[in-house]
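Participant: Please find one structure pasted underneath; my questions will follow.
Coordinate-derived values only; no laboratory data. Treat the numbers as computed from the prediction; the structure is a model and nothing was measured. Glycine also receives a Cβ, built like all others from the backbone with ideal geometry; neighbour counts cover every protein chain displayed.
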Amino acid sequence: MQGKKSMRLIDERGLRHDGRRPDEIRPIRMQVGVLANASGSALVEYGKTKVLAAVYGPREPQQKFMILPDKAILRVRYHMAPFSTTERKSPAPSRREIELSKVIREALEDVVLTSEYPRTVIDIFIEVLQADGGTRVAGITASSLALADAGIPMKALVAGVAVGKVDGVLVLDVDEVEDSSGEADMPIAAAPDLNLITLFQINGVLTEEEVERGLSMALKAIQYIVSLEKSTLKQKYEAIGEEV
Ligand code: ADP
């Protein structure tokens, strides 16, 4: 078995295996309104990681026990497509997917104004089309955009990014190689306009100083990603404005 430290992830110039600087994110692309039959949708790419989010609702749930009298229920299903990884992944929901669905829901619940739609359900389906690390944080970014695209009122937009530690160096927006061979990773999501962190996880061991430094690297990137979300949504509304 290959040891975790066998691969060098930072070269003598201080660059990462894909040529990025430690504080550099991958190229990010985003698009909204990509599905005709969903209330809102978004496709988000962080480098080779490609995630689709579709929002359905608010709508009346089929099972009446799902109803809350004072607010909408937010449901999230995170799923990796069988073709999203190099080895075909089982299509059945794994424990990891069930756990990620829950943490993603918690990362969004604080910003969605669910009280505007009592007795309804808002469904968010996240489909990982291509996985190369950071799928949960790209899924949060895609969900935030899809919710906005569906016209669901939110206190603020949310975005996510993961910070990792490889060869003793903190790196921003880890990919799969860095995630699987690195020493630690820290997925973070936040709503910068509310000064609110909505997801904070740590896998592995980091010192207090590294956590603080990693958090500030992530928050800076999240601010940038949210600004991309805003311009993506604005472009869509400008295009609609031109049509009418
Ligand atoms: P995240 O995608 O949020 O970083 P993980 O840390 O659990 O979540 O996974 C890191 C990466 O490992 C994923 O982005 C994906 O590229 C890969 N991976 C995760 N689960 C599987 C799986 N079942 N099969 C193949 N690759 C996987």
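Participant: Taking just the alpha carbons, could you work out the radius of gyration and Dmax for segment 136-244, both in angstroms?
Facilitator: Every Cα atom of segment 136-244 included, Rg and Dmax give 15.8, 55 Å.
Participant: Related question: Among the aspartates and glutamates, which fall within straight-line cross-link reach of residue 220, defined as a Cα-Cα distance under 20 Å, with same-chain neighbours fewer than 8 residues apart omitted?
Facilitator: 23, 24, 45, 173, 175, 185, 193, 208, 209, 210, 212, 229
Participant: Per the Cauchy relation, a quarter of the hull surface: what is the mean projected area of the convex hull of the alpha carbons in segment 78-178, in nm²?
Facilitator: So the Cα hull casts an average projection of 7.7 nm².
Participant: Please report 154, 7 as a ranked list, fewest other C-beta atoms within 10 angstrom at the top and most at the bottom.
Facilitator: 7, 154
Participant: Sticking with this one: Packing-wise, with mean Cβ within 10 Å as the measure, how do 66-74, 100-108 rank, highest first?
Facilitator: Order by mean packing, descending: 100-108, 66-74.
Participant: Here's a follow-up. Exposure proxy check: 79, 17 ranked by fewest other beta carbons within 10 Å?
Facilitator: Lowest to highest Cβ neighbour count: 17, 79.
Participant: With Kirkwood's inverse mean 1/r over C-alpha pairs for Rh, give me the Rg to Rh ratio of the chain, two decimals please.
Facilitator: The Rg/Rh ratio comes out at 0.99.
Participant: Where a Cα-Cα gap under 28 Å defines reach, which lysines qualify for residue 89, not counting those fewer than 8 residues away within the same chain?
Facilitator: Correct list for residue 89: 4, 5, 48, 50, 102, 165.
Participant: Follow-up question, since we're still on this one. Charges only on Cβ, +1 for Lys and Arg, -1 for Asp and Glu: so what's the dipole of segment 28-243 about the Cα centre, in debye to the nearest 20?
Facilitator: 800 debye
Participant: Per the helix-only calculation at 222 nm, which mean residue ellipticity applies to the chain, given -39500 (n - 2.57) for every DSSP H run of n ≥ 4 and division by its residues, nearest 500 deg cm²/dmol?
Facilitator: For the chain, the value works out to -10000 deg cm²/dmol.
Participant: So, one more: Determine ³J(HN,Hα), in whole Hz, for all residues of segment 59-71 in sequence, where each value follows from phi through the Karplus function 6.51 cos²θ - 1.76 cosθ + 1.60 and θ = phi - 60°; x replaces Gly and Pro.
Facilitator: Listing the rounded values in order: 9, 6, x, 5, 8, 5, 5, 6, 6, 10, x, 10, 7 Hz.
Participant: Moving on. Given bins 5 angstrom wide, list per bin the percent of all Cα-Cα distances in segment 123-177, short to long.
Facilitator: 4, 17, 24, 20, 14, 11, 6, 3, 1
Participant: In addition: For segment 165-209, what is the charge dipole size about the Cα centre, in debye to the nearest 20, if Lys and Arg each add +1 at the Cβ and Asp and Glu each add -1 at the Cβ?
Facilitator: Computed about the Cα centre, the dipole is about 180 debye.
Participant: Another question, if that's okay. With a 10 Å radius around each residue's Cβ, average the other Cβ atoms per peptide and rank 126-139, 201-214, highest first.
Facilitator: 126-139, 201-214
Participant: Here is a follow-up. For segment 161-177, just list the computed ³J(HN,Hα) in residue order, Karplus coefficients 6.51, -1.76 and 1.60, θ = phi - 60°, integers in Hz, with x standing in for Gly and Pro.
Facilitator: 7, 10, 9, x, 10, 10, 6, x, 10, 6, 10, 9, 6, 5, 9, 5, 4
Participant: Top mean-square fluctuation among 33, 14, 47, Gaussian network model of the chain, C-alpha springs under 10 Å?
Facilitator: It is 14.
Participant: Let me ask something else about it. Once the Cα gyration tensor of segment 5-80 is diagonalised, what are the square roots of 5 times its eigenvalues, in whole Å and ordered largest first, as equivalent ellipsoid semi-axes?
Facilitator: For segment 5-80, the ellipsoid semi-axes come out as 41, 16, 10 Å.
Participant: Using the charge dipole of the chain (Lys, Arg: +1 at Cβ; Asp, Glu: -1 at Cβ; taken about the Cα centre), state which of 37, 201, 156 has its Cα farthest towards the positive end.
Facilitator: About the Cα centre, the residue reaching furthest to the positive side is 37.
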